[in-house]
Amino acid sequence: MDEQQAGKYFIRELSRVASRDISVADKVNYLSQLIIQVCQVSIKDTGIQFHTTFSIIAYTGHRYHLPGRLLYNIHKFRRKVSCEQESGTKSSDDQTLNATYLLGLKVCSDMVRIIFDISPGPDLLKLIPSDKAYLLEEDRVVQFKKYQRVLILTIDRDKEHLIGIDQSRPGTKVEIAYNLEGRNEIFNDCIEYMEDVFCFPLEVNLIDVEIDEKGRYLPKALVIEPDFLIDITAVAECFHDYGITDVSYLTRKYLSLTPNKYLLLGHIANFFLDELMGNRDLTFMDLISSVFRLNPLAFSLFDDATTREIVQKAQKHFISLKAVIHQSFPREGIGIDHCFLEPTFYSERYGLQGRLDVLHYDPLNPGETSIIELKSGKPFRPNAYGLSHNHYIQTLLYDLLIKSMSNDRLKPTNYILYSIKDSDQLRFAPAVRSQQYEALATRNHLMAMEKRLSQADALLDKPDEFISGLVRDQRVLGFTKRDIDELASVYTALTTLEKKYFLSMTAMIAREHRLAKVGTESQLVNRGQAALWLSNVVEKEEQFNIIRDVELVENSSSENDPVLHFSRSAETDPLANFRKGDLAIVYPARDDLPPLSSQLFKGTIVELSESEVAVRLRAKQFNSKAFEDHTSWNIEHDVLDSSFMSMYQSLFSFACSPIESRKRFLTLKPPMQPKEISWPETPGLTNEQFRILGKILSANDYFLLWGPPGTGKTSVVLRHFVKHLAKEGKEQILIVAYTNRAVDEICHAIMNEPEVQDAGVVRVGSRYSTDAAFRPYLLSSMVQETTSRQELRDLMQRFRIVVGTLASVMGRQEL
């Protein structure tokens, strides 16, 4: 569609909406959508992608030099539409709604006229209001803004200014000063990234902004692409005693953590804290038997000496934690009854997400709160506060998170709890603004790393530059150097073709991760995780992406199996696109506050019917106050970064595999020719099925069986194949599928075979995503009665067949 055709099309659409016999509310909504369509068509040739309404309108205005008064009224119209959608158009009187409609008709027609150089016909002109429909822009001078979203258009290096558009004043371009000594010079690297790694236009949040007499913006911090939330722990792990490096962020993507006693002790310490917060009178003997069931597979890998050491150190952590709860907490004014365990918060202001260990609200001082972060290891080269540098940074970012969530109403007091210490376990971590700015600059470095990974396939002609381009001569010591050396060594040993495959897959994973975070950038209807705060309730319902206004009817969040049961209301859309087993976020449904202004409860949908929804939380909550304070709740889709980490780690596993295996994987080497085998005829098989099974059993490397649904791949061929291996062989058998439903179908096919039962079957996964008939075979069910490592080993050695989804098996590296 060329420019002239596009202009004629939009004029026809304007005439149609102005003359159609539909409600004013429907006309308003249609005009709102039409404005976005005008912007998308008008900048389509640039190839630039946007994922917020503000950005696409702001850039269109910049490109076509739309008058500031027009831009102001376009954004004013969009905000009016959004407010009316949020509150329900029934709450707007006819006069107000009609005024909104006339404003939309006016701004849309003026946009089309200017952008496409085409004028409406006489019939439409009669319906378009005069310039009196425009609202006057408020002429106010703001001296300070806590934060402000801007769209950066370009950079003026001579003046050291970024040129952008203020979201709150969209008709006005602003100058944003950088490289200001003592103010924001630590973000100079980020300015370089904007031009070299990202591309303009670029969304940025300005933090702690002063505005001088010339109208220049003087921010103290900048947050690049704030809708892509980075985990706080990932930022903190870039801080070392010798300096800051983002290399660890790269190595943690590819290198999986090997199960070890230190990781397990960390899980045990967290388990003890959670249990003692719920019942401070528990003894070590009350809890130790449950420790083995936290991660039975990991325990089964340790020898007796290591197991004894873990138990001994676990007792030390228990004693320390009990002392903190009985003595240190009361001394610091932290009341257990007013604490919440593992609360999750998101901040689009700072582009961060995080899950705290403990959050305490002071009922006597509503603005006061405390953050407690548990660490099971000793502080390494502690700072003046007795804290490891990375641990300290973590609390500083949690401090920002809580302030952002509460719109700066809450003032956290931050602590690190070192449970391995015999005394002085609870250590104060004061918030220092300058170090918080430094952490935000590091967060931007990680965004640049994400961007570089998504562009890895641009290096296909020079694949040897991949690792060096990401490391960029950074100073790296200790474990980080060990890990980057391992990554570089494995990558360097690959052939040129294998490196190109590695780069292509890396870029694909990074881009898929980005889509999950911020959605399909060319379409505003799909915003991924960011839809939680970028889309209003009406937009979410139009995309069937919210189960809204459900009522909490049963709260079992304090049980070992923490489940919330909700009943649907008249406002709940029965067509919402959710399924049993989906990851979900639960938060209070409040018209006066956005989703990010409260604690987010993460979990999995375990029951879904016409009348009820049940969500199993990831962490049990002994404090029910949050659920008692709210009657209505919303449920939305969740995104896990760990699923993308598994993809990176699988790619690295490919790179580590023997060269012959890599050649087969890339089809550079054909499979070995099978040897003819004879096996007895089996009743119930057709000649074709019998022939195929013979070929499968004789294959040396791999065998691909393809067929349409219903041809017996699972119910016949797989069943007899597994039955034969169980009876005749001694090998262990791993059976995986992508979905739990497919795994259940496999279980239905093989479980009734005596040979399979004799070989022993274990199902890996959650009881909520497993057919009831196969829940007794779950690993989690089988380990309930075990109390020692030897019992665990005896149990695991009884099984030759492991069945589960690919994700479940990948999440159990100990297998």
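The values are calculated or read from the model by the stated rules, or taken from the named source; none is laboratory data. Since the model is a prediction, treat every value here as computed from it, not as a measurement. When we count neighbours, we look across all protein chains shown, and the Cβ atoms used for this are built from the backbone with ideal geometry, even at glycine. In case anyone asks, the SASA skips ligands and DNA or RNA and just uses the protein heavy atoms, side chains included. Shrake-Rupley method; radii C 1.70, N 1.55, O 1.52, S 1.80 Å.
Okay, here's what the table says:
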| read-out | value |
| --- | --- |
| Cubic angstrom per residue, convex hull over Cα atoms of the range 513-626 | 112 Å³ |
| Cβ crowding within 10 Å averaged over residues, with 736-742, 400-406, 17-23 ranked highest first | 400-406, 736-742, 17-23 |
| Fraction of beta bridges assigned by DSSP in the chain that are antiparallel (%, nearest 5) | 75 percent |
| Solvent-accessible area, 1.4 Å probe, carbon plus sulfur percent, for the range 325-364 | 44 percent |
| Which listed pairs, of Lys261/Lys602; Lys44/Lys500; Lys253/Lys451; Lys253/Lys517; Lys316/Lys421, have C-alpha distances above 19 Å, in listed order | Lys261/Lys602; Lys44/Lys500 |
| Accessible heavy-atom area order of Asp461, Asp94, highest first, probe of 1.4 Å | Asp461, Asp94 |
| Entries of Lys378/Lys481; Lys220/Lys378; Lys663/Lys695 with Cα pairs more than 26 Å apart | Lys220/Lys378 |
| Inter-centroid distance (Cα atoms) of the range 457-515 relative to the range 359-384, Å | 37 Å |
| Accessible surface of the range 250-311 [probe 1.4 Å, protein heavy atoms]: carbon and sulfur percent | 53 percent |
| Calculated FRET value between Thr682 and Glu486, using beta carbons and R₀ = 35 Å, to 0.05 | 0.15 |
| Surface per residue (accessible, 1.4 Å probe) for the chain, Å² | 47 Å² |
| Part-to-part distance (alpha-carbon centres) for the range 167-238 and the range 390-447, which is given in Å | 21 Å |
| Cα centroid separation - the range 6-33 against the range 545-565, whole Å | 42 Å |
| Gain upon complete extension [Glu745, Arg511; 0.36 nm per residue less C-alpha separation] | 81.0 nm |
| Crossing angle, helix 433-454 versus the chain [Cα axis fit, 0-90 degrees, rounded to tens] | 70 degrees |
| Two-site FRET efficiency, Glu571 against Lys625, from Cβ-Cβ distance with R₀ of 25 Å, rounded to 0.05 | 0.50 |
| Accessible surface of Arg409 - all protein chains present, 1.4 Å probe, nearest 10 Å² | 140 Å² |
| All Cα pairs of the range 677-790, percent lying beyond 24 Å | 32 percent |
| Among beta bridges that DSSP assigns inside the range 352-445, antiparallel share in %, nearest 5 | 45 percent |
| Additional length obtainable on full extension of the chain from Thr233 to Ala384, 0.36 nm per residue less Cα span | 52.2 nm |
| Mean separation of Cα contacts under 8 Å, 6 or more apart, over the residue count of the range 662-815: relative contact order % | 23 percent |
| Kirkwood Rh and Cα Rg combined as Rg/Rh, the chain | 0.99 |
| Extension reserve of the Ser558-Asp21 stretch, reckoned as 0.36 nm per residue once the Cα distance is removed | 187.9 nm |
| List Thr496, Thr245, ordered by accessible area with a 1.4 Å probe, largest first | Thr496, Thr245 |
| Angle between the chain longest axis and helix 496-518 axis [Cα atoms, degrees, rounded to 10] | 60 degrees |
| Calculated SAXS-style log₁₀ I(q)/I(0) at q = 0.12, 0.19 Å⁻¹ - the range 358-489, Debye, Cα scatterers | -0.65, -1.11 |
